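As structure tokens, the structure follows; a few thoughts come after it.
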Amino acid sequence: MRVVLSVRSPVVLVSFVIFCCLALLVLNIYELRWIETEHIRYHHGNEQGHTEDTKKLDNKPIFLSYNRDVSSGHLKHVFDMFHHFGYIQGNLATDDHWDVLWAHDYPFKKLYAKLKNLKSHQMVNHFPGSGYITNKMDLATTNIPYIPKAFKIPQQKQQLLDYVKKYPSKKFVQKSNDHRGIKIETLDTLDLKSNGSFVQEYIDRPFLVDGYKFDIGVYTIITSVDPLRVYMYNGDILFRYCPEKYHPFDPKNLNKYVIGDDYLPTWEIPSLRKLYNEYGYSMRDSFNEYVSRAGKDPSKIWQQIEKAIEAVCLAKEPFIIKLLSSFPSKRNFFEMVRFDFVIDEDLNVYIMEANMSPNLSSAHFPPNRLLYEQVIFNLFHLVGLASKINMTDMEVATKNVMVSASVCSSEACISCMAPQCLLCLPCLTSDTLYSLRQAHREHTNRHECKRVFPPTMESSKNPDIKDSLSPENKLMVQWFHAKCLQDSSWC
């Protein structure tokens, strides 16, 4: 017995050692695969979409992207900003647990099923019906000041002919929603029969900088409708100059009067180059200095621009409200458009168009990177994307929005019948109280954004605007004015 054991013991020992080694090898392989899987899931999940378990582990807000060509890089700065604020990118096709949808294209036709029942925390960067503002024909034929006279073709052909008889020296351009190319035409060369275009008066005495015609692009953010709240990014303005001097004028040479992708930037304009490049001024401040040296007041331009943006948004708000009625809430949306303006020799301002999903790519002009990043950064703060948490009393409490203590504590407001009592706490609806808290948060987080509507106390004294406002907008204007009396920063 002992001999047998002494012979077999080394065999058993060797077998046991081999078994242990194999077991350790299998365990190591398993652990390596597990580490690899976790690495891919955590570090590359934004390229492949996230599973529910991944999102729970990451505990980060999620954004989705909807656009035709992701590889083009035109949303690079937008994506960078999402990542800067701690977002991860989800999969549009499979992900239902997301926080923000950033759509470069209008999303409500193809993605309606995904958007018709939005959760309270989910945000979309377009309003249903925003095309009423950005559609070229709808905007051009809106009967408000600051828009050159335009006529739908062929529906308004006779009105156009009558207008030409009345003003025979005016020039016109023909435009459509389908293409960007425009040129000045004589009446006999215009197509007045085909559908889908409009003829618009051409502003033929433009204000020039060093002989160059230009347009002014103002990034505008709509945070709410019903009631309406509109802001403009006030840190800088995009100026684009034609590549050739305006005079001697030649209507066949589009480079003299049409702004294209290959425009002249501020830093190449002789009178602005030093101000912008060496002294570090913004595009707007460089331009303002040029206007001042010409003996004109640049503030006249910016006052008109704000009034023009206000007029457009007020005119289109009812159409947006109507489309919003098919969604559970009107609070899930915001909008950023770029209004493009031209000015004439007398510094009169005219709206040319409003761009849905305006260009935010600096690939063509790298120095524009800072402008675009600051626009997006300010937008994120204004609409609450910079800190994607539900609004709490710590951020904006009820006491922060209360105004007019002497009025609300008077006997006249016991029954809430008097108009001046509608902002008193016993008279506020829950929806109005929420809107006021949102407006307060926007004011606190606005950074370089300037409120366009509700207007300042001085601007809103215009009876034409005040009388035409909806009850919701009148109440919001009233609240901002009351806040202005408490603190001049609200004025």
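Structure notes:
- Calculated diffusion of region 145-234, Stokes-Einstein form, Kirkwood radius summed over Cα pairs, 25 °C and 0.890 mPa s, µm²/s: 157
- Fraction of the pair-distance distribution of region 343-424 above 20 Å, Cα-Cα pairs, percent: 68
- When the charge dipole of region 159-239 is built from unit charges on Cβ atoms (+1 for Lys and Arg, -1 for Asp and Glu) and taken about the Cα centre, the candidate among Leu161, Tyr202, Ser224 whose Cα reaches farthest toward its positive end is Leu161.
- Volume per residue for region 125-166 equals 82 cubic angstrom (convex hull of Cα atoms).
- In degrees, nearest ten, helix 430-444 long axis to first principal axis of the chain (Cα): 90
- Kirkwood hydrodynamic radius computed over region 84-135 comes to 12.3 Å, based on all pairs of distinct alpha carbons.
- Lys-Lys pairs in region 217-334 that are eight or more residues apart or on separate chains and whose Cα atoms lie under 21 Å of each other come to 7.
- Taking amide H as placed 1.01 Å from N in the peptide plane, the amide H of Phe333 sits under 5 Å from that of Val124, each at least 5 places away or on another chain.
- Degrees separating the helix 283-293 axis from the principal Cα axis of the chain, which is the longest one: 20
- All Cα-Cα separations within region 166-309 were binned at 5 Å from zero, giving a P(r) of 2, 8, 14, 17, 17, 16, 12, 8, 4, 1, 0, each value a whole percent of the pairs.
- List Tyr281, Tyr106, Tyr276, ordered by accessible area with a 1.4 Å probe, largest first: Tyr281, Tyr106, Tyr276
- Counting only protein heavy atoms and a probe of 1.4 Å, the accessible surface of region 125-281 is 47% carbon and sulfur.
- When the convex hull of its Cα atoms is viewed from all sides, region 141-192 shows a mean projected area of 4.1 nm².
- Ranked by the mean number of other Cβ atoms within 10 Å of their residues, highest first, the peptides 108-115, 329-336 come out as 329-336, 108-115.
- Convex hull volume per residue, computed on the Cα atoms of region 217-267, equals 119 Å³.
- Compared with the dominant Cα axis of the chain, that is its longest principal axis, helix 299-324 is turned about 60°.
- P(r) histogram, all alpha-carbon pairs of the chain included - 10 Å bins from 0, percent: 3, 16, 24, 23, 16, 8, 3, 2, 2, 2, 1, 0, 0
- Sorted into 5 angstrom bins from 0, the C-alpha pair distances of region 182-265 split as 3, 12, 17, 16, 14, 14, 12, 8, 4, 1 percent.
- Cα-only Debye scattering, region 260-396: base-10 log of I(q)/I(0) at q = 0.10, 0.16 Å⁻¹: -0.50, -1.12
- Protein heavy-atom accessible surface, 1.4 Å probe, per residue over the chain: 52 Å².
- Counted over all Cα-Cα pairs of region 369-491, pairs farther apart than 23 Å make up 38 percent.
- Rh by Kirkwood over Cα pairs, then Stokes-Einstein D for region 288-364 at 0.890 mPa s and 25 °C, µm²/s: 161
- With a 1.4 Å probe rolled over the protein heavy atoms of all chains, the accessible area of Ser325, Ser410, Ser387 falls in the order Ser325, Ser387, Ser410, largest first.
- All Cα pairs of region 263-319, percent lying beyond 16 Å: 55
- Checking the cross-link pairs Lys76/Lys149; Lys166/Lys474; Lys76/Lys136 against a 30 Å limit on the alpha carbon distance flags Lys76/Lys149; Lys166/Lys474 as lying beyond it.
- Karplus 3J(HN,Hα) series, Hz, for region 374-387 with 6.51 cos²θ - 1.76 cosθ + 1.60 (x for Gly, Pro): 5, 4, 5, 4, 5, 4, 4, 5, 4, 8, x, 7, 5, 9
- Packing-based ranking, highest mean first, of 416-426, 184-194 given that Cβ atoms within 10 Å are counted: 416-426, 184-194
The values are calculated or read from the model by the stated rules, or taken from the named source; none is laboratory data. None of these values were measured; they are calculated from a predicted model. FYI the Cβ positions are ideal-geometry reconstructions off the backbone, even for glycines, and counts take in every protein chain you see. Remember, those area values only see protein heavy atoms, side chains included, never the ligands or the DNA or RNA. Shrake-Rupley method; radii C 1.70, N 1.55, O 1.52, S 1.80 Å.
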